[in-house]
Every structure is written in C-alpha cells, then in structure tokens.
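Colleague: Below are the structure tokens for one structure; questions will follow.
Where a number appears in this text, it was derived from the coordinates with a stated rule and is not lab data. Predicted model only: the values in this text are computed from it and were never measured. Here the Cβ positions follow ideal geometry from the backbone for every residue, glycine too, while neighbour counts run over all protein chains shown.
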Amino acid sequence: MWGPLRTRYGADWSGSEASEDAEIVVNIGGVKQVLHADALKRYPETRLGELASASAHCGPDEVAELCDDYEPGNPGEFFFDRDPDAFRCIVEVYYYGEVHMRRGMCPVCFMEEMEFWRVDAELLDECCQSCVSEARDELEEIGEKVRAMLERTEEGGGGTASRRERCRACLWKLMEKPESSLAARAIAVASFFFVLLSSAAMCVGTVPELYVCCDETGRQAEHPALEAVETACMAWFTAEYALRLAAAPDRARFALSFMNVVDVLAIVPFYVLLALTQVGARLGALELADAQQCVQALRVLRVARVLKLARHSSGLRTLTHALRSSAKELGLLLTYMGVGIFLFAALAYTVEHGHPDTMFTSVPQSFWWAVITMTTVGYGDVYPKTTLGRCNAAVSFLCGVVAIALPIHPIINNFVTFYSKQRELESAAKHEIALMALRSREEEEREEGSRRPEHLTVCASHSYAHIPLLEDPSQSFSGTAA
C-alpha cells in the first residue's frame, strides 16, 4: 500500500498543516493511496480535482460519474480500474507541478492514462515528451502501412466498383506492387533487368572500337546491335511508364513524383535524339553539326536511367532517407571542408608563389590542390616544392582525415537506425494485419456457429477479442493526441 506523497513545498505549502487537510483514499487497480484534497484542488479541471470537489459538495450520483465505484465513509474510498504504476507518475503533478514518465512504460498507454485522468499533456516534462512524440510518429507510420496493406488487398475487390475501375486497380497492382502476385514480381524483375541492360549498353557504346562508319563521309555511329538494344529498352520503359500512368489513381501526383520524373528523363532523350537525327539528315553541313552537338549533349541525360534502380531497391531508398536525416552532419562536414580548403589553398599560394617552378599560380587554382589533398586523393598533378608548403600540405591532409571521419559514425548510426525502424514497422504492420484477419475469421466462425445446433457451438465460443491488438489500429492514435 502506498502512503501519502510528500511534497517538496514542506508542511505549510497550502497555508495549513498537511495533516489537517481533508484526505481522499483512492484504490487504483487494487493499490490504495491517500491523497490530500487541497493538493488535488490545485488542478480543478482534472478528474481527481473534480472528485475532491464533488466528494465535499455533491451527491452520490455526481461522484459515481467520476470513478468506477466508491465506498462512502470518512474518508471514503474511490475505486478506479486503471494502471497503478502510471497513476503513481501522474499524481506527482499535484505536488511537483509536472509529470515524469518512468523508463520502460509504453508512451501511448501512458498518454491514455493522462487523458483518462484529464491531465494536460503540456504538464509532461520535456524529457518525456520526446519519447511520446517518437512513439506517436511510429504509430502513425504503422497506421499508414496498415492502411496501405489494406488498400492493396481491397483494390479491385469492391463490389460497387465498375469493371473499368477494377481493371485499372488490377493494372496498378500489376505494375506497382511486386508482392501482390507472381506476374507483378516477374514484371518488376524484367524492369530491373532492362535498367541494367540499358545502362550496360550505354557504357559499352562509348568504346571507340565499337563505332562503325554510317556513310561515305566517315561519320561514326554506335554499333547497330547496341542501337537495337537501346531501342528495345526504350520501348519497354515507354510501355511501362504509359501503363503506370494510365493506371495511377492520381495522375497529377504520379507525374510530379521524383522517381517518375526520373523515368521521364530516362525516356525523353531517346525520342529527342531520334528526332534530331532525322532532322539533321535533311539539313546542310552546318545545321547537321549543330544537331550532332545537341545529340551529344542529350546523351548525357541517359545516365538518369541508373536512378530508376532506386524504385526497385528498398536499400537505396533507405540510404536516401538516411542521408536526408543526416543533413546536419553532412552540412557540418561541407562547412568544415570549405573552410579548410579556403584556408590551406591561401596558405599554399602564399608560401609557394615565390618559388621559380611554382605550380600555385593563384588562390583559385590552389583550390584544386586543397580539395584533392584534404580528401586524401592526391593525384600528384599539383604539389608543393618548398618546406613550408610541404608542412602546410601535411597539416591539410591530417585535418581532412579528421573532418571526414567525424561525421561518418553518426551517418552510419542514422542508416542502421532508420533501416531497423523500417523493418520493425513493417513487421508490426503485418502483425496487425494478421491479427485483424484473425479477428475477422473468428467473427465469421462465430456467426456460422450461431446458426448451428447448440451442441455444435461449444468450440466456437472461444474468441480472441480480448487481445488488445485486435482492436482497430486507428483507435490507438486517439490516445496519443495532445
């Protein structure tokens, strides 16, 4: 049994001795605690504050609305079927003015307890609010994943949807959800293969030995086999993008998303090159040279197709999110490197420009030397020749090593944390889906059992409805609202 909580304000914090205060006995989950009414009245909007006022001035009906049960007396005892450990933390607000959540408690359950006791979430200490915010974000992500999984299972299955809408939903699942069926997985593998094949063909096409002469003027072009591979890959990418765009639920959002913009950048240069080639063949020599320059410039955009791999690789997406979350560390690295490059380039020019065979002709030209030195690349095309210049170079690459090494550990931790968190959230979402399916199956069996003879319904009387996780996942978010 708990005894009365001691206040940090001493015996006379409210103007009278604590022993003379009216006492209220609460029974929280079988554990009794004696509270002082004057302390509870410091927060009259809370449940206990209203209980302290109602027990002194109101009738039994008003008191019964504030607790699960009570025994009249002097003092009376009020019963609550709540978590006693969470209550011991929450009741501290009446004495200390703030709430501290103990380590190991579920933040969501604790916030539900605070909501029941009508204690404002702003009274939670800042050190605990971060834990609650993190748990709230995780629950929201789990809810989004659960809704996404439910949408995948329900897409195309609605009885009220038209045949066109069902076909569109099936096509969307086929092109965007590799885990939905074997055919969808085969399409995803084929798309991945074509990305690799087109990237390899683009690289091989730059080998001079594979060029062929396409006319009597000696103008060179890519090998016909590579052009055939390029054409086949572009035909696949075009058909894939067109089908995905046609099946997209929101075409505007689909077209403006980053990965789909990448897809367009990987497709458009092929048709622009084809058009310029046809136009250039009908123009004179000057116009043909200009067209060829445009063709060579647009070929550079073909490297964008390598970014299409990110759409098929969860690891690359995880790496992108990890780098995005490490923006502060990366910014610190770039700032440190920028200051170091400017400083050591200026020093190198100062101590080297007097040498007759100096390679440091200006400070901007020295930036290149500072970059390759601080990043420990060291091409050797530019190097100091004086003693002071070599000392400056030694200090610069030591500082570069330190600058690069410092943010590496936080970036790796962010990657590991984000990857592990995503795996846990996916597992939790799948577990929630499985429990919801189990509940649905049990309800169906119970309905079928109600139509059977009574002696056949004994086995169907057991249910998993007592499992808290079987409740609708969206209900868990209500307890986290501040």
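Colleague: Calculate the all-directions average of the projected area of the range 326-408's alpha-carbon convex hull, and give it in nm².
Modeller: Details: hull surface 20.0 nm².
Mean projected area for the range 326-408: 5.0 nm², to one decimal.
Colleague: Using only the Cα atoms of the range 18-133, each taken as one equal point scatterer with no solvent, compute I(q) by the Debye sum, divide by I(0), and report log10 of the ratio at q = 0.13 Å⁻¹.
Modeller: Log10 of I(q)/I(0), two decimals: -0.48.
Colleague: Among 202, 259, 114, what is the fewest-to-most ranking by other Cβ atoms within 10 Å?
Modeller: Working: 202 19, 259 12, 114 24.
Listing 202, 259, 114 from fewest to most nearby Cβ atoms yields 259, 202, 114.
Colleague: Work out from phi, with θ = phi - 60° and the Karplus expression 6.51 cos²θ - 1.76 cosθ + 1.60, the ³J(HN,Hα) of each residue of the range 421-433, listed in order in whole Hz, and give x for Gly and Pro.
Modeller: Calculated HN-Hα couplings, in order: 5, 5, 5, 5, 5, 5, 5, 5, 5, 5, 5, 5, 5 Hz.
Colleague: If you find the alpha carbon centre of the range 314-382 and of the range 418-441, how far apart are they in angstrom?
Modeller: 46 Å
Colleague: Still on this structure, please answer the following. With a 10 Å Cβ neighbour count serving as the proxy for reagent exposure, in which order, fewest first, do 350, 417 appear? Kindly include the intermediate steps, with their values, before the conclusion.
Modeller: On the way: 350 15, 417 12.
Ascending number of Cβ neighbours within 10 Å: 417, 350.
Colleague: Now, a different point. Hey, fewest Cβ within 10 Å first, where do 236, 368 land in order? Don't skip to the answer; put the middle values down first.
Modeller: On the way: 236 17, 368 14.
Listing 236, 368 from fewest to most nearby Cβ atoms yields 368, 236.
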